[in-house]
Amino acid sequence: MDTRQTSTGFYFKTLSGILGNPGQFFSELSRETKIWHSLIFLIVSGFIFTCSSLMNIEDNHLVTGLILFANAVGMVFISSGIGYMIMVMTAGRHSDFKRFFSIYALSSGVTLLASWIPFFLVITEPWKWWLIGTGLTKNIGLKWTQALIIIGLSIFVIVMFFYSANLLFISHNN
């Protein structure tokens, strides 16, 4: 079987599954789904997001594009790592990190496709976290309260990290 056809098929099947019925998609997402499939989905979506975002920027496309892409993909690693640690600390270990990361990567990959549109962050960010919560409940088997705790604490930790980093940066430059 042609690998490109399989990857393309997986991308569009995933995209239509999450957009059409996320609960059913995450319920049926195989425990054997390769982390590479999720990572490729995220990378392709990140590339589309980056190229689309660059349409609104006039100069320094290479540096800006690299930053946008690294941020889009890197934040999935950071948020899934924080979320996984919070899950282990609050709800116990319910899955391996590969499955947990796949939920974050697939959810983020779908929302990246609309995140480049100015002011859509107000829509796509809550949508991404809702998709993650749906994945955590439907695929991993967490209760909604557990998923909400993981998501809420994850957002809090991420915001506090960037707030602290900003304060450190400001105090260092004064």
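Here are the numbers:
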| read-out | value |
| --- | --- |
| Cβ-based net charge around Gly65, under 14 Å, with every Lys or Arg adding one and every Asp or Glu removing one | -2 |
| Packing-based ranking, highest mean first, of 68-75, 104-111 given that Cβ atoms within 10 Å are counted | 104-111, 68-75 |
| Segment 94-174, relative contact order [Cα under 8 Å, separation at least 6], % | 27 |
| Dipole magnitude of segment 17-174, debye to nearest 20 (Cβ charges: Lys/Arg +1, Asp/Glu -1, about Cα centre) | 560 |
| Probe 1.4 Å, protein heavy atoms only - accessible area per residue of segment 24-167 in square angstrom | 54 |
| Among 50-56, 166-172, the order from most to least packed when residues are scored by Cβ within 10 Å on average | 50-56, 166-172 |
| Extension reserve of the Phe47-Thr145 stretch, reckoned as 0.36 nm per residue once the Cα distance is removed | 31.9 nm |
| Share of alpha-carbon pairs per 10 Å distance bin for segment 75-123, given as whole % | 25, 43, 24, 8 |
| Cα-based radius of gyration of segment 58-161 once divided by 2.2 N^0.38 Å, which approximates compact folds | 1.12 |
| Rg/Rg_ref, segment 23-81, where Rg_ref = 2.2 N^0.38 Å and atoms are Cα | 1.39 |
| Within straight-line cross-link reach of Lys143, lysines at Cα separation under 20 Å, skipping those fewer than 8 residues along the same chain | Lys98, Lys128 |
| Fraction of accessible area attributable to carbon and sulfur, segment 77-129 (%, probe 1.4 Å) | 75 |
| Kirkwood Rh and Cα Rg combined as Rg over Rh, evaluated for the chain | 0.99 |
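The values are calculated or read from the model by the stated rules, or taken from the named source; none is laboratory data. Only a predicted model underlies this, so the values are computations on that prediction, with no experimental measurement involved. In this analysis, Cβ positions are derived from the backbone assuming ideal geometry, glycine residues included, and neighbour counts consider all displayed protein chains. Surface areas here come from the heavy atoms of the whole protein model, side chains and all, with no ligands, DNA or RNA. Shrake-Rupley method; radii C 1.70, N 1.55, O 1.52, S 1.80 Å.
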